[in-house]
1. Give me the percent of the accessible area of the stretch 1-76 that comes from carbon and sulfur atoms, probe 1.4 Å, all protein chains in place.
2. Given a Förster distance of 22 Å, report the FRET efficiency between Q131 and S22 from their Cβ-Cβ distance, rounded to the nearest 0.05.
3. Sorted by accessible area with a 1.4 angstrom probe, largest first, how do E123, E30 fall?
4. Give me the accessible area per residue for the chain, probe 1.4 Å, as a whole number in Å².
5. Mean separation of Cα pairs under 8 Å and 6+ residues apart, divided by the residue count of the stretch 22-166: what relative contact order is that in percent?
6. Express in nm, to one decimal, how much length is gained between L113 and F34 on full extension, taking 0.36 nm for each residue of separation and deducting their alpha carbon distance.
7. For Y126, tell me the accessible area in Å² from a 1.4 Å probe, rounded to the nearest 10.
8. Per DSSP helix of 4 or more residues, -39500 (n - 2.57); summed, then divided by the residues of the chain. What does that give at 222 nm, rounded to the nearest 500?
Amino acid sequence: RKRVAQNTPEDLQWLISSLDDSERKWFVAEVFRFQQLPKRLFDPMLRAGVLEQDPSLNRNFIDPCVRGYGAVRVCTALLMYLENGNDEEKAGAASALYWAWQPKPGADIVECLYRMRVDMLKEFVYNDDLQVRRRIVPQLALKPEYYPEEFRPLVQRAIDIARAHSDE
């Protein structure tokens, strides 16, 4: 902890590059398990969470981001992956959103929750990638009243897609 509190630019660069390494990334996640994540590590740590294949283990990268910068900021960044990423990033972002949604009492979450629901519904309906759909389906809100009028027909389409799909 003392060493991290006095990071040099070289130390930070090592931590950032380690988040791209399949083994060293776990060391970095453990280092920041109980201490503040530096601002410069927010994006690389979040990306490591998005790219982690195991949707349970990605929490090791997402929790330090949420603890240090709040659920709204983390969810907003993850929604950028869901909206603009490739299919691997979209699937990873959907999984990471599960762990990221930990708003603090009193936080202004209405817009973020609305965006999460709409973006996940649209992505499920319009993206044919099986992994993306598998990661989104457990989090879909399937009550039409949760959506603005123009998105309500997509709820039934999502249900029809899920029921008709060959994947159990």
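The values are calculated or read from the model by the stated rules, or taken from the named source; none is laboratory data. These figures come from a predicted structure and were not determined experimentally. Cβ: placed from backbone, ideal geometry, glycine included. Neighbour counts: every protein chain shown. Ligands, DNA and RNA are stripped out before the accessible areas are found, and what is left, the full protein with its side chains, is counted by its heavy atoms. Shrake-Rupley method; radii C 1.70, N 1.55, O 1.52, S 1.80 Å.
1. Answer for the stretch 1-76 is 51 percent, counting heavy atoms of protein chains only.
2. For Q131 and S22, the calculated efficiency is 0.70.
3. E30, E123
4. 58
5. 19
6. Extra length from L113 to F34 when fully extended: 25.7 nm.
7. 140
8. Taking each H run of at least 4 residues, the total per residue is -20000 deg cm²/dmol.
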